[in-house]
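Laboratory data are not the source of any read-out in this text; all were calculated from the coordinates shown. Small disclaimer: the values here were computed from a predicted structure and weren't measured. With ideal geometry, Cβ positions are generated from the backbone for all residues, glycine too; neighbour counts draw on all protein chains shown.
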Amino acid sequence: MQGTRKDYGEPDLSYKFLDKNFKEHSPARLIYSYLLSSPSKFDKIVNKFMQKFMKKSFLELKNRAKKEAEVIEKENNLDNLIKIMEQRPDPVNHRLLKNKIIKFGKPAIQKIIEKLKNNRNDVFVELAVQIIYESKIDCSSHLLNILDFIKDPYTLSLVCLLLGLIGPKEAIKPVWDYFHILKVKYPNSMDNFEQGPLLALYEFKHRFKIKG
């Protein structure tokens, strides 16, 4: 999206505007709900469900997930763990992978954020947003710096959402602009990319107690 950010004027964070543009179903809404729940507990439930599901069928998938888990367990190189993120790991192994990467702290977060600029992998961005949020590392300025360089609409949508949860007031204006940009550019998309920025605007309103 580099060089395409149009100025859409003063942000309107009134409930009238936000509620009018809110859509009940969107990928961003699912990630938003996940982040605001207890992610670790949620992942354990998913893990148990998947293991039970795989016991009844798909023995090959179960074996693949088990081998992948063994690789993640043994891996202590950050770059290799990030490569596993990019390879669409089995959902059963997401919690294990996230926990290992989070232990690397700020260097891990910096590398993941840089990769978001050219990312077109939906699983990678979802894991990235979860890792950044759960790490509680202040990286909002870094996220703001890459915002205008993100090329993929889904990645842009989720990074805007993340900024709504952890970003400063300075992020309100660019997120507002990207709500309109995504809405105009992808008006008929089933993914409703603009909902990531919209949910972020709700968060900004609550976090900074903006009236209206």
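How far, in degrees from 0 to 90, does helix 172-185 lean away from the longest principal axis of the Cα atoms of the chain, to the nearest 10?
Its long axis makes an angle of about 80 degrees.
Going by Cα centres, the range 57-110 and the range 186-206 are how many Å apart?
29 Å
So, by mean Cβ neighbours within 10 angstrom, what's the order for 137-149, 89-101 with the highest one leading?
Highest mean packing first, the order is 89-101, 137-149.
Return the calculated 222 nm mean residue ellipticity for the chain, to the nearest 500 deg cm²/dmol, obtained by summing -39500 (n - 2.57) across DSSP H runs with n ≥ 4 and dividing by the residue count.
-20500 deg cm²/dmol
Gaussian network model of the chain, Cα springs within a sub-10 Å range: biggest mean-square fluctuation belongs to which of S26, S135, S189?
Result: S189 has the largest fluctuation of those listed.
If you project the alpha carbons of the range 103-212 onto their three principal axes, what span does each projection cover, largest first, in Å?
39, 32, 19
Using only Cα atoms, tell me the angle between helix 39-56 and the longest principal axis of the chain; keep it within 0 to 90° and round to the nearest 10.
That works out to roughly 50 degrees.
For the chain, find the longest principal axis of its Cα atoms and tell me its angle to the long axis of helix 27-36, 0 to 90°, nearest 10.
Rounded to the nearest ten degrees, it is 80.
Expressed in whole Å with the largest first, what are the equivalent ellipsoid semi-axes of the range 15-207 derived from the C-alpha gyration tensor as the square root of 5 times each eigenvalue?
Working from the Cα gyration tensor, I get semi-axes of 30, 19, 15 Å.
Over the range 15-207, what is the mean sequence separation of C-alpha contacts under 8 Å (at least six apart), divided by residue count, expressed as relative contact order in percent?
24 percent
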